[in-house]
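To start, the structure under review is shown below, and the notes come after it.
The values are calculated or read from the model by the stated rules, or taken from the named source; none is laboratory data. Just so we're clear, the structure is a prediction, and the values are computed from it rather than from any experiment. Here the Cβ positions follow ideal geometry from the backbone for every residue, glycine too, while neighbour counts run over all protein chains shown. Please note that ligands, DNA and RNA were not included when accessible areas were found on the heavy atoms of the full protein model with its side chains. Shrake-Rupley method; radii C 1.70, N 1.55, O 1.52, S 1.80 Å.
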Amino acid sequence: YHTDGCHLCEQAYELLIAAGVGENLTLIDILQDDALVAEYQTSIPVAQFSSGAKLFWPFNLQDILNNK
């Protein structure tokens with residue numbers, strides 16, 4: 001979960017690419033849904049994995065690798 005212009009989201013995106021999960025990324029802009037804004041406005045970026053696990057910022061490369 002992200003929003004455009006969020007520098008932390010850009011950093012998280014780069015970490016996700018470095019972890020090799022780029023081909024599986026689905027970017028969800030929270031500003032497109034009021035419910036997502038309410039849920040994530042103070043915690044983006046958030047990475048959610050197919051297992052359902054979520055990483056809330058700040059996270060690092062090792063955190064991603066442990067969840068992918």
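Scanning the range 12-39 for residues that are closer than 11 Å to Tyr1 by Cβ and not in a strand (DSSP E or B) yields Ala12, Thr26, Leu27, Ile28, Ile30, Leu31, Gln32, Asp33, Leu36, Val37, Glu39. Within the range 1-39, the only residue that satisfies the criterion of being more than 22 Å from Lys68 (Cβ to Cβ), of a type in the set (Val, Ile, Thr) and open to solvent by 30 Å² or more (accessible area, probe 1.4 Å) is Val37. Look at the range 19-36: where a residue is in contact (Cβ under 8 Å) with a residue 24 or more places away in the chain and a partner is open to solvent by 100 Å² or more (accessible area, probe 1.4 Å) and basic (Lys, Arg), sitting 6+ places away or on another chain with Cβ atoms under 7 Å, you get Ala19/Lys68; Val21/Lys68.
Considered as a group, the residues in the range 40-64 that are outside any loop (DSSP other than H, G, I, E, B) and without any contact (Cβ under 8 Å) to a residue 24 or more places away in the chain include one that is surrounded by the fewest Cβ atoms within 10 Å (Cβ to Cβ), and that residue is Gln62.
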